[in-house]
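The structure under discussion appears below in the form of structure tokens.
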Amino acid sequence: MAVNSPARYEQRSETPRSATGTPVATVWLDIARVAAMVAVVLLHAVAPVVTWDYTELGSVTWWTGNVVDSLVRWCVPVFIMISGALLLAPRREGLRSFYQRRFSRIGLPLLAWSAFYLAVDLFHERSIDWPEALSRVLSGSPATHLYFLFVLAGLYALTPFLRVITQHATTRTLWWFAALMSALGMADQLISDFDGAGSPNAVTRFLPFVGYYVLGYLLRETTLSRRGTWAVAGLFAASTAATVALVGAVAISHQEWNTQAAYTYDYLSPTVMAMSVAVFLLFQQLGSRWPRFTAGDRDTGPARRRLKAVSDLSFGVFLVHLIVLRELRSLTGIPDHPVAMVATVLGQTLAVLVVSFAVTALLRRIPGLRATV
């Protein structure tokens with residue numbers, strides 16, 4: 001395995017985007033982003049099978065849901081590593097310019113969709129009251145998935161200063177920094193879940209994910225041999241199997257779903273971190289060699305334009321999909337049978353993706369709402 005120099009990637013990453021869409025050198029990041037978006041929807045579709053009351057703990061349906069859930073736990077870490085790969089390369093950009101661009105991208109969506117999901121819970125479902133709504137906002141999680149925007153906001157705030165580190169630190173120092181921040185993130189989550197000491201809030205949610213962010217930058221140009229690729233695929237399989245086994249062991253030993261069982265699914269648990277790094281590397285290797293997007297002997301521009309169009313909608317899909325999924329699940333439920341459950345969850349995922357992409361594309365055409373997605 002080899003890692004190419006930061007300078008070469010910086011030169012590539014600043015290649016102007018033309019009418020052909022994403023440059024060939026970084027098209028794999030668009031592939032990874034779209035795949036991660038699909039994985040997020042599938043994760044939210046199957047999660048209630050494991051954590052709620054759709055089936056008995058330890059049943060065949062439960063174990064099947066556990067396997068599906070474990071297979072896609074890499075989704076959010078990969079999103080974060082994509083951001084690190086794109087944003088941490090040293091470049092000339094003033095603080096004001098950077099913050100205006102980044103926070104105009106997530107600031108209004110954070111406000112608009114936090115208000116939307118809280119309003120649904122307050123006035124439609126009446127599942128919370130005003131004090132709890134305020135508590136959710138202060139905790140940085142106004143809805144199940146919106147904590148991610150608080151994570152991004154914190155990472156964006158830190159990015160100009162991290163760029164100074166990536167510009168002047170040696171690669172060895174950067175690896176030690178990434179390892180340290182990853183270890184601190186894992187320790188923080190472990191203590192929080194098992195001891196209950198401390199909890200994240202709107203200001204601190206991003207801190208445990210700094211390790212992933214820097215890893216995305218460090219791994220962005222990793223080159224694997226065929227043997228290395230198979231080894232990484234083996235790491236993914238092993239870490240997924242370990243996640244399945246640990247979730248089952250902890251949950252069944254307690255005879256309930258609790259914070260200790262949830263920790264084994266957490267994005268900062270050791271098995272999920274290993275899984276996420278493996279998937280990121282696999283996307284880099286396989287996506288950069290996908291002839292449809294990267295072949296040098298034919299025009300791949302149209303395919304890259306279509307991929308970029310879908311990738312650009314993924315942020316809006318992330319914001320929209322949960323309300324669509326909640327409404328669809330209330331109509332279909334989830335059957336307590338392993339095959340029927342998988343079929344239902346996959347059908348829900350497909351339907352939610354189609355509707356969410358359509359809604360996002362529509363919102364992008366409405367001047368007053370375009371900036372919310």
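The values are calculated or read from the model by the stated rules, or taken from the named source; none is laboratory data. What you see is a predicted model; the values in this text were computed from it and never measured. Glycine also receives a Cβ, built like all others from the backbone with ideal geometry; neighbour counts cover every protein chain displayed.
Results for (1) in contact with a helix residue (DSSP H, G or I) (Cβ under 9 Å, 6 or more places away or on another chain); (2) in a helix (DSSP H, G or I); (3) modelled with pLDDT under 90, shown as yes or no for each residue.
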| site | (1), (2), (3) |
| --- | --- |
| 105 | yes, yes, yes |
| 108 | yes, yes, no |
| 117 | yes, yes, no |
| 142 | yes, no, no |
| 165 | yes, yes, no |
| 184 | yes, yes, no |
| 188 | yes, yes, yes |
| 191 | no, yes, yes |
inquiry  = I want to confirm something. Restricting to the stretch 223-243 and keeping residues that are polar (S, T, N, Q) and outside any loop (DSSP other than H, G, I, E, B), which single residue is farthest from residue 50 (Cα to Cα)?
reply    = 223
Qualifying positions in the stretch 153-174 - surrounded by 15 or more Cβ atoms within 10 Å (Cβ to Cβ) and polar (S, T, N, Q) = 159, 166
message = Checking residue 55 against (1) in contact (Cβ under 8 Å) with a residue 12 or more places away in the chain; (2) assigned to a helix (DSSP H, G or I); (3) among the polar types (S, T, N, Q), only one condition comes out false. Which one?
response = (2)
query = Restricting the first residue to the stretch 214-225 and requiring it to be at pLDDT below 95, which pairs with a second residue that is polar (S, T, N, Q) and not in a helix (DSSP H, G or I) meet a Cβ separation below 9 Å and a spacing of at least six or different chains?
reply = 220/4; 221/4; 221/5; 222/4; 223/4
request  = Scan the stretch 101-119 for residues that are surrounded by fewer than 16 Cβ atoms within 10 Å (Cβ to Cβ) and polar (S, T, N, Q) and jot them down.
outcome  = 104
query = For the stretch 166-183, what are the residues that are of a type in the set (Gly, Ala, Ser) and under 22 Å from residue 77 (Cβ atoms)?
reply = 178, 179, 182, 183
query = Any residue in the stretch 335-347 that is over 23 Å from residue 63 (Cα atoms), part of a helix (DSSP H, G or I) and of a type in the set (Val, Ile, Thr)?
reply = no
message = Taking the condition of being touching a Pro at 6+ places or on another chain (Cβ under 8 Å) and modelled with pLDDT under 95, how many residues in the stretch 317-343 meet it?
response = 2
query = Scanning the stretch 20-54 for residues that are within 21 Å of residue 329 (Cα to Cα) and in contact with a Leu (Cβ under 7 Å, 6 or more places away or on another chain), which turns out surrounded by the most Cβ atoms within 10 Å (Cβ to Cβ)?
reply = 45
query = Is one or more of the residues making up the stretch 194-202 at pLDDT 90 or above, more than 17 Å from residue 77 (Cβ to Cβ) and crowded, with 17+ Cβ neighbours inside 10 Å?
reply = no
key: Lone unmet requirement of (1) of a type in the set (Phe, Trp, Tyr); (2) surrounded by 20 or more Cβ atoms within 10 Å (Cβ to Cβ); (3) over 18 Å from the mean Cα position of the chain (by Cα) for residue 123   = (2)
query = Quick one: would you say residue 207 is touching a residue at least 12 places away in the same chain (Cβ under 8 Å) and more than 14 Å from residue 102 (Cβ to Cβ)?
reply = yes
task = Output the number of residues of the stretch 251-290 satisfying the condition of being of a type outside the set (D, E, K, R), more than 26 Å from residue 179 (Cβ to Cβ) and free of Cβ contacts under 8 Å to residues at least 40 places away in the same chain.
result = 4
